[in-house]
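> Input: one structure, supplied below.
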Amino acid sequence: MDLSITPQQEQLRETITRFARKELNSDLIERDRAAAFPHELWRKCAELGLCALPFAEEHGGSGYDHLSTVIAIEALSYACHDSGLVHALLAHLVSGRALEIFGSPELKQRHFPSICSGEKILAQGATEADSGSDLFSMRTRAVRDDDGYVIDGAKMFVSNGPVADLILALAVTNPKRKGFGAHSMLLVERERPGFSSGSAFEKMGLRTLQNSELIFEACRVPLGNLVGKEGQGSIIFTEVMDWERIVFGACHLGTLSRILEACVAFAKERKQFGQQIGKFQAVSSKIARMKMNLELGRLMVYKAAVMKDRGARAPLEAATIKIFASESLRSAAIDAVQIHGASGYMTETQIERELRDSAASTIYSGTVELNTEIISKLLGL
Ligand SMILES: Cc1cc2nc3c(=O)[nH]c(=O)nc-3n(C[C@H](O)[C@H](O)[C@H](O)COP(=O)(O)OP(=O)(O)OC[C@H]3O[C@@H](n4cnc5c(N)ncnc54)[C@H](O)[C@@H]3O)c2cc1C
């Protein structure tokens, strides 16, 4: 397996790193406090093509393969300190995957130009108040009539929920079936009567990311808004989740490398007992572990991306990455606060935000516990 980086991929990494450092990091403490969606920065990201990274050129996208895409995301997440904004972009890209792979030519023609330009923001609604990990016990129903589907129900904790223009909603279309064949994916435009979104939840971290409830009250969409075939929802969702776990793995590693750099710099600069704190093994071993996890995680992510580029499925790799990358990130963020001492606990240093932002990584895209279950099942247990 060739994991070498081409000059074009290196160029992509450099371009995104330079852009993010220059454009995306100002006033971050205030932005985090305000917990508002940074529309202006979204627009700048869109201008650079970040809303179109993996989508095919024929759909108006940049046409990057999976490996280039994870390299780009890793670079963005490394250089952009606003993890909420990065999360919002990834929610957009991941939701677009469902539409690109399974959507009809008409749906793609209608929506992809504005998805790729960032003019329209995407979200994916799957979770409900009573069905999180047990997703397929969802209650949202889409009932077919002559010329469309009527959706009733509510989705929970949806990233980009309050700002999204287009929503990919998973709903039960065949309640007689349990599991496979019971669910379908439907595209819902914000302006459809019967659709509304709640206001953004206040949350611990990722504060510029907007998460909300989505409500469907006799919300009618035409038959043409069905993504894939009726009953194909769980297949679509599984395909999207595999990619989501790989993409967020790349994102976690980008953040981890930023945390690592900050810790190395601080451990060299801060002196106690007449020497750099990095000379104390109890400190340096924490940093060495961050580096080890970064290198291992990167291999896992790049390998899964190459598998995807070859047309393979990678459910085991995706679940493994999800657990390893999110736990590595979260433990690095905890260690980073510890290494920085009291200053790490203070808002000003911008280390505590990394801890708050990383805490959710072990929950979304399937909790680490759920992903452990997936691995066990794939091993036949
Ligand atoms: C920042 C953020 C962004 C999100 N974005 C979206 C989004 O865009 N779209 C969307 O649809 N959802 C989104 N979610 C929701 C997310 O997918 C769910 O939170 C997640 O699936 C877990 O569901 P839950 O919160 O209901 O927890 P629960 O499923 O109720 O789990 C509670 C605890 O029980 C454990 N548990 C549950 N079942 C098992 C089991 N079988 N074995 C072992 N342990 C188990 C879990 O691991 C967890 O520790 C987001 C969540 C967050 C925090």
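> Which of (1) in contact with a Ser or Thr (Cβ under 8 Å, 6 or more places away or on another chain); (2) surrounded by fewer than 20 Cβ atoms within 10 Å (Cβ to Cβ); (3) closer than 26 Å to ARG258 by Cβ; (4) not polar (S, T, N, Q) is the odd one out, the single condition ASP65 does not satisfy?
(1)
> What is the residue count in the range 34-66 for residues that are over 16 Å from the mean Cα position of the chain (by Cα) and assigned to a helix (DSSP H, G or I)?
Adding up the residues that qualify gives 12.
> Any chance the range 260-279 includes a residue that's under 19 Å from the mean Cα position of the chain (by Cα) and touching a residue at least 24 places away in the same chain (Cβ under 8 Å)?
Checked against the condition, which is being under 19 Å from the mean Cα position of the chain (by Cα) and touching a residue at least 24 places away in the same chain (Cβ under 8 Å), the range 260-279 yields no hits at all.
> Moving to a separate point now. Only residues that are near the ligand (Cβ under 10 Å from one of its atoms), closer than 19 Å to VAL227 by Cα, over 16 Å from the mean Cα position of the chain (by Cα) and touching a residue at least 60 places away in the same chain (Cβ under 8 Å): list them for the range 121-154, please.
LEU135
> Among the residues of the range 356-381, count how many are crowded, with 16+ Cβ neighbours inside 10 Å and either touching a residue at least 60 places away in the same chain (Cβ under 8 Å) or not aliphatic (A, V, I, L, M) (or both).
13
> Return the total of residues in the range 164-199 being farther than 25 Å from ILE29 by Cα, small (Gly, Ala, Ser) and part of a loop (DSSP other than H, G, I, E, B). Lay out the reasoning, then the answer.
Start the filter on the range 164-199 by keeping residues that are farther than 25 Å from ILE29 by Cα, which leaves 165-198.
The next check asks that each one be small (Gly, Ala, Ser); those that pass are 169, 171, 179, 181-182, 184, 194, 196-198.
Then drop every residue that is not part of a loop (DSSP other than H, G, I, E, B), which leaves 179, 181-182, 194, 198.
Qualifying residue count for the region: 5.
> Consider only pairs whose beta carbons are under 7 Å apart and that are at least six residues apart or on different chains; among these, list those whose first residue lies in the range 200-218 and is assigned to a loop (DSSP other than H, G, I, E, B) and whose second residue is of a type in the set (Phe, Trp, Tyr) and more than 10 Å from the ligand (Cβ to nearest atom).
Listed pairs, sorted by first residue: THR208/PHE37; GLN210/PHE37.
> Could you tell me how many of the residues in the range 219-243 are assigned to a helix (DSSP H, G or I) and either farther than 19 Å from SER95 by Cα or out of contact with any helix residue (DSSP H, G or I) (no Cβ under 8 Å at 6 or more places or on another chain) (or both)?
Keep residues of the range 219-243 that are assigned to a helix (DSSP H, G or I), which gives 223-225, 233-243.
Then drop every residue that is not either farther than 19 Å from SER95 by Cα or out of contact with any helix residue (DSSP H, G or I) (no Cβ under 8 Å at 6 or more places or on another chain) (or both), which leaves 223, 233, 235.
Adding up the residues that qualify gives 3.
> Moving to a separate point now. For the range 173-197, name all the residues that are surrounded by fewer than 20 Cβ atoms within 10 Å (Cβ to Cβ) and closer than 23 Å to GLY366 by Cβ.
Of everything in the range 173-197, those that are surrounded by fewer than 20 Cβ atoms within 10 Å (Cβ to Cβ) and closer than 23 Å to GLY366 by Cβ turn out to be ARG177, LYS178, GLY179, PHE180, GLY181, ALA182.
> A follow-up question, please. Regarding the range 107-117, can at least one residue be identified that is hydroxyl-bearing (Ser, Thr, Tyr), more than 16 Å from the ligand (Cβ to nearest atom) and assigned to a strand (DSSP E or B)? Break it down into steps so the answer makes sense when it comes.
Here is the first cut: in the range 107-117, the residues hydroxyl-bearing (Ser, Thr, Tyr) are 114, 117.
Okay, now just the ones that are also more than 16 Å from the ligand (Cβ to nearest atom), so 114, 117.
Imposing the further condition that a residue be assigned to a strand (DSSP E or B) reduces the set to none.
Within the range 107-117, not a single residue is hydroxyl-bearing (Ser, Thr, Tyr), more than 16 Å from the ligand (Cβ to nearest atom) and assigned to a strand (DSSP E or B).
Read-outs: derived from the displayed coordinates by stated rules, not from any lab. Only a predicted model underlies this, so the values are computations on that prediction, with no experimental measurement involved. Glycine also receives a Cβ, built like all others from the backbone with ideal geometry; neighbour counts cover every protein chain displayed.
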